[in-house]
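Trainee: Below is a structure I'd like to ask you about.
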Amino acid sequence: MKLNTTTLLFLCSLLNTVSVAQDYFYNNQYYETDFLFEGGLSLGGINCFTDIGGRPGNGKAFLKDFNGQNTRFCGGVFVNLSYRYAISARLELSRGTIMAYDSILKNDPSEGQYRYQRNLHFKSSVTELLLLTELHPTVLFYDGQRRSFFSPYLVGGVGVFWFNPLAYLNGEWIELHRMHTEGQGFAEYPDRKPYRLTQMNFPVGAGIKFECSARMNFRFEVLHRITRTDYLDDVSTRYIDPALFEKYLSPLYASYALQLHDRQQEIDPLSKTVPNAIRGNSSRNDSYFTVQMKLSFVINRERR
C-alpha cells in the first residue's frame, strides 16, 4: 500500500506527540511536573562533639573524638520543594537530646584520665529550625529516557537552634546557664560574655534519595551542624575564683554553682583546683550531628 504525503506527515506528527507525552508522564498512572512538593517525617540519632567526654587520649577533633554511647533519639517534620529532581529547598523542624560525660573515660590510662578526674557531664534538649538546599548532581546525566530512582545528594544551609545545658545534682537537673560556672558576665572576667541559648548553626551533609513510588520518597542522610558557640556543654575555658559566686549570685544559686563548676572532689576528696586551671578547650567550638531516615509524601503529583 502506498502512503501519500499527507499520511506520512500525520504519522510523523503522531509519533512526535507520543514522544513528548512520554516525557510529560511520570508513569502510566501519574502526570509529571517540574515542581514537586513533599511533606515528611525524620527519625534517627543525634550526637555531639564538645569539651566533655570524648575518646581516650588527648582531645581530638570531629570523628576522632566520637562516643557512640552518647547517641540519642531525634525526630522532626519537614516540607520540601524540588525543581526537576536537580535542586530543592527544605524547611525542617526537629528536636533531640545531646549529652556527654567525663566518667566514660574511667578506665583510660592515657591523658584522658584528666577529663575523667574533671568529672563533668551535661545533657541538653536541642530544638532547631533549618532552611536547607539539596543538590542532586546525578540529574546531569539524565538523557530524557531513563532516570535512576536512586539519587545521592549534597545538602547544606542555615538554621537557628535552642539549647539549655543541664547537670544532675542531688536528685535534680540544674540549668547550668544560670550558674555562670566560668564567670560569664562577671566584671573580673570581661572577656567571658554570657552565652545565648538561641544560636545559629550551619548544617552541611550528604544523603541518598530513593523514589519508592510516585507518591513516596525515602532518604538516608547525615547532617553535621557547625555552631558559633563553645558552650553546648557549658564548658569552654578555665576555672574561676569560686568566691565570686557569692558576690554575683543569690545564696541558692551560689551554692549550686560551687558544686557544679568543679566536681573533682566527688572522685578525689583531696583534690584542690586553683583559679585559672584548665577546665575546657576554647580553641574549637562545639558541634552536633544527626543520622536520619526520612520518609516523605509527594502532595502535588496528580493521577492521569
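Trainee: When residues of segment 224-249 are filtered for being among the small types (Gly, Ala, Ser) and either in a loop (DSSP other than H, G, I, E, B) or crowded, with 17+ Cβ neighbours inside 10 Å (or both), how many remain?
Mentor: Going residue by residue through segment 224-249, those that are among the small types (Gly, Ala, Ser) are 236, 243.
Okay, now just the ones that are also either in a loop (DSSP other than H, G, I, E, B) or crowded, with 17+ Cβ neighbours inside 10 Å (or both), so 236.
Qualifying residue count, segment 224-249: 1.
Trainee: Would you say residue 78 is farther than 21 Å from residue 284 by Cβ, surrounded by 15 or more Cβ atoms within 10 Å (Cβ to Cβ) and either more than 13 Å from the chain's Cα centre (by Cα) or of a type in the set (Lys, Arg) (or both)?
Mentor: For residue 78, the condition - farther than 21 Å from residue 284 by Cβ, surrounded by 15 or more Cβ atoms within 10 Å (Cβ to Cβ) and either more than 13 Å from the chain's Cα centre (by Cα) or of a type in the set (Lys, Arg) (or both) - is met.
Trainee: Then there is this: If you check every pair at least six apart or on different chains, which have Cβ atoms under 9 Å apart with a residue in segment 116-139 that is more than 17 Å from residue 78 (Cβ to Cβ) first and a residue that is of a type in the set (Gly, Ala, Ser) and assigned to a helix (DSSP H, G or I) second?
Mentor: 116/103; 119/103; 121/103
Trainee: Test residue 221 against the criterion of being in a strand (DSSP E or B), charged (D, E, K, R) and modelled with pLDDT of 95 or more, and give yes or no. First the steps, then the outcome.
Mentor: On the way: in a strand (DSSP E or B): yes; charged (D, E, K, R): yes; modelled with pLDDT of 95 or more: yes.
So residue 221 passes the test.
Per-residue answers, yes or no, for (1) at pLDDT 95 or above; (2) touching a strand residue (DSSP E or B) at 6+ places or on another chain (Cβ under 9 Å); (3) within 25 Å of residue 244 (Cα to Cα):
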| position | (1), (2), (3) |
| --- | --- |
| 153 | yes, yes, no |
| 156 | yes, yes, no |
| 162 | yes, yes, no |
| 167 | yes, yes, yes |
| 175 | yes, yes, yes |
| 179 | yes, yes, yes |
| 187 | yes, no, yes |
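Trainee: Do the conditions hold for residue 43, that is, is it assigned to a strand (DSSP E or B) and at pLDDT 95 or above?
Mentor: yes
Trainee: Would you please list the contacts, defined by Cβ atoms under 6 Å and residues six or more apart or on different chains, that run from a residue in segment 179-196 that is outside any loop (DSSP other than H, G, I, E, B) to a residue that is modelled with pLDDT of 95 or more?
Mentor: 179/256; 179/257; 179/260
Trainee: From the list 197, 232, 244, pick out the single residue that is within 27 Å of residue 101 (Cβ to Cβ), aliphatic (A, V, I, L, M) and in contact with a Ser or Thr (Cβ under 7 Å, 6 or more places away or on another chain).
Mentor: On the way: 197 fails: in contact with a Ser or Thr (Cβ under 7 Å, 6 or more places away or on another chain); 244 fails: in contact with a Ser or Thr (Cβ under 7 Å, 6 or more places away or on another chain).
Being within 27 Å of residue 101 (Cβ to Cβ), aliphatic (A, V, I, L, M) and in contact with a Ser or Thr (Cβ under 7 Å, 6 or more places away or on another chain) holds for just one of 197, 232, 244, which is 232.
The values are calculated or read from the model by the stated rules, or taken from the named source; none is laboratory data. All values reported here derive from a predicted model rather than from experimental measurement. A quick note on method: Cβ atoms are made from the backbone with ideal geometry, for glycine too, and the neighbour counts reach across all protein chains shown.
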